[in-house]
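The values are calculated or read from the model by the stated rules, or taken from the named source; none is laboratory data. Since the structure is predicted, the reported quantities are computational estimates derived from the model, not experimental observations. Every residue, glycine among them, receives a Cβ derived from its backbone with ideal geometry; neighbour counts consider all protein chains shown. SASA here: full protein model, heavy atoms, side chains in, ligands and nucleic acids out. Shrake-Rupley method; radii C 1.70, N 1.55, O 1.52, S 1.80 Å.
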Amino acid sequence: YVTGISQEKGGAGNPSPITAYGVFMGMKAAAKYKYGNDVLEDKVVYVEGIGNVGETLVEYLTQEGAQVHIADINQDRLEEVSAKYGAHIYTGADLHAEKMDIYAPCALGATINDNTIQKLQADIVAGAANNQLADEGKHGMLLQQRGIVYAPDFLINAGGIINVYAELEGYDRSEIMRKTENIYTTTIEILNKAQENGVTTHTAALQIAQARIDARRQENRG
């Protein structure tokens, strides 16, 4: 009733595709940091949760030539998305123990926890779910120690917020996409900052966010 209004009624429309685009940009940035280039062709990506955001992410990944595996509790949904994009349906018993390049949690939070973190074989964690780390400090540090790049969830899933904020600020679709695409640059900045300062990527993201808030407050006071 406030934002997220349909385009037919003058709003910015469904934020899910924009959220997925931001996650895709964050994922490519993490790949650039980890591998030296952001090409996802032939990368093995497991997408856990294929709702509106997850499905659109699968579409982006498929278009880039990634080897996409999908998991969801809804079997009908799995078959539908698999048929549409050629994604592989995961039928195993322990997804987090599978060998993969990128793990994309797009459903429930806290899938990086004491039970999963030691068996996780991904190089990168980049997904749309909120609160992916059960314990942000502990599990963020463990991922770092294991050499797994974590693209902070609240950073790369911000596309939806950018989309609905457009209704308040009055900027158009091209500006929405430009701002969402900038998630790529911000992700690179945060990954580099974390490495330089010896902190987790989650902490680095919070520090940058706080610095921006403080700068804006100072600006408003001035």
What helix-only [θ] at 222 nm does the chain give? Using -39500 (n - 2.57) per DSSP H run of at least 4, over all residues, to the nearest 500, the answer is -16000 deg cm²/dmol
Taking protein heavy atoms only, a 1.4 Å probe, and rounding to whole percent, the accessible area of region 123-222 owed to carbon and sulfur comes out at 47 percent
Expressed in angstrom and ordered largest first, the alpha-carbon extents of the chain along the principal axes are 57, 47, 30
Toy charge model, Lys and Arg Cβ at +1, Asp and Glu Cβ at -1: the chain dipole around Cα centroid in debye, rounded to 20, equals 640 debye
Subtracting the Cα-Cα distance of residue 131 and residue 171 from 0.36 nm times their residue separation yields 11.5 nm
Of the listed links 34/99; 32/119; 99/138; 138/179, those spanning more than 21 angstrom between alpha carbons are 32/119; 99/138; 138/179
In nanometres, the difference between 0.36 nm per residue of separation and the alpha-carbon distance of residue 90 and residue 110 is 5.2 nm
Relative to the compact-globule estimate 2.2 N^0.38 Å (N residues), the Cα gyration radius of region 48-102 stands at a ratio of 1.04
Given Cβ charges of +1 for Lys and Arg and -1 for Asp and Glu, the option among 86, 45, 194 whose Cα lies farthest towards the positive end of the dipole of the chain is 194
Computed on Cα atoms only, the convex hull of region 174-222 has an orientation-averaged projected area in nm² of 4.2 nm²
